[in-house]
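Comments concern the structure below.
The values are calculated or read from the model by the stated rules, or taken from the named source; none is laboratory data. This is a predicted model, so every value here is computed, not measured. Reconstructed Cβ throughout: ideal geometry from the backbone, glycine too, with neighbour counts over all protein chains shown. In case anyone asks, the SASA skips ligands and DNA or RNA and just uses the protein heavy atoms, side chains included. Shrake-Rupley method; radii C 1.70, N 1.55, O 1.52, S 1.80 Å.
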Amino acid sequence: MRVDVLTLFPAMFDGPLNTSILKRAQADGHLDAQVHDIRAYTTDKHHTCDDTPFGGGAGMVMKIAPLAAAIEAISATDERPPHVIYLTPDGTTLTQAIAQELRTQPRLMLICGHYEGIDERVRTRYVHQELSIGDYVLTGGELAALVVIDAVTRLLDGVISADSLAEESHSDSLLEYPHYTRPAVWQEMDIPAVLRSGDHGAIARWRRLQRLERTFQRRPDLLAHAQLDKHDRAFLRSLGWHDPLWTERPPRKHTPKPLPEPSSARHDTAE
Ligand code: ADE
């Protein structure tokens, strides 16, 4: 996947893109991340990228011309048209499901705003999707762009093992089960005995119940989207979960079947 980032602060990407999995994903050819300085697309001698807002008010607005020139010039460097995303606190909140959708795009272009944001007409003309990483305001879109790059890159084929992705938090609307490693006893704190039992079926069942319990306790809203079988549901109900599919059935009234006629009576009529 190719990712073009448009920013006024390219240095913010140096550390994260050159560390750990993002670094390896690029070295292995899974990710081609290119960071572009919007200022390089200005034409005035002061390299002006912002201006005062029409109608007055606080702050500055990022100008159309450098951004439009950057978007068009960078888009044209590859035959794949980019899926253009603007990072903004008024966008749709990023979720694992959105990250899963984005991983299928061959090319993303991430536009990082600053100050009060970008001129609305850039959004109207070029932007396909607007994303927020949460209900708080950052100084700019750079950290949000890095969050998108990280969340999407780890889902690209070959970047991390399929096993690691299988039961992680949010993968199927359930949170992750707790993990333990050596030592088995630390400061008198033992690990759950089942994890040392060698019984893989019992371990899998324990982990499933842990995921259900954690999700119920911490993010009960997620359970509405999870795939739950009747055992999951029964367990969650035992924790106090209100199961939307569960209706207490009134005890069935017992209506005795009519007794067969006595055989002598039948013989009577037959004769
Ligand atoms: N820019 C500023 N705050 C942001 C947020 N919460 N998400 C995405 N972009 C932003």
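Some observations on this one:
- Answer residue from the stretch 31-61, given it is open to solvent by less than 50 Å² (accessible area, probe 1.4 Å) and under 27 Å from residue 152 (Cα atoms) and is farthest from the chain's Cα centre (by Cα) among those: 38
- Test result for residue 124, away from the ligand (no atom under 13 Å from the Cβ) and not basic (Lys, Arg): yes
- Boolean, residue 184 is among the small types (Gly, Ala, Ser) and assigned by TED's automatic domain parsing to the domain that holds residue 217: yes
- Only listed residue being among the small types (Gly, Ala, Ser), surrounded by 10 or more Cβ atoms within 10 Å (Cβ to Cβ) and modelled with pLDDT of 95 or more, chosen from 265, 184: 184
- The listed residue being in contact with a Phe, Trp or Tyr (Cβ under 6 Å, 6 or more places away or on another chain), modelled with pLDDT of 95 or more and of a type outside the set (Lys, Arg), out of 5, 35: 35
- Output for the stretch 142-167, where each listed residue is of a type in the set (A, V, I, L, M) and within 15 Å of the ligand (Cβ to nearest atom): 143, 144, 145, 146, 147, 148, 149, 151, 152
- The single condition among (1) outside the structural domain of residue 60 (by TED's automatic domain parsing); (2) β-branched (Val, Ile, Thr); (3) within 16 Å of the ligand (Cβ to nearest atom) that residue 194 does not meet is (3).
- Residue selection: residue 136 satisfies the criterion of being modelled with pLDDT of 95 or more, within 11 Å of the ligand (Cβ to nearest atom), farther than 18 Å from residue 30 by Cβ and among the aromatic types (Phe, Trp, Tyr).
- Of the strands (runs of 3 or more DSSP E) lying entirely inside the stretch 18-119, those containing at least 1 residues that are of a type outside the set (Lys, Arg) and either within 16 Å of the ligand (Cβ to nearest atom) or free of Cβ contacts under 8 Å to residues at least 24 places away in the same chain (or both) span 83-93, 107-112.
- Filter pass, residue 131 being open to solvent by less than 10 Å² (accessible area, probe 1.4 Å), part of a strand (DSSP E or B), aliphatic (A, V, I, L, M) and in contact with a His (Cβ under 9 Å, 6 or more places away or on another chain): no
- Filter result for residue 106 (open to solvent by 10 Å² or more (accessible area, probe 1.4 Å) and either at pLDDT 95 or above or within 21 Å of residue 40 (Cβ to Cβ) (or both)): yes
- Against the numbered list (1) within 16 Å of the ligand (Cβ to nearest atom); (2) part of a loop (DSSP other than H, G, I, E, B), residue 170 comes up short only at (1).
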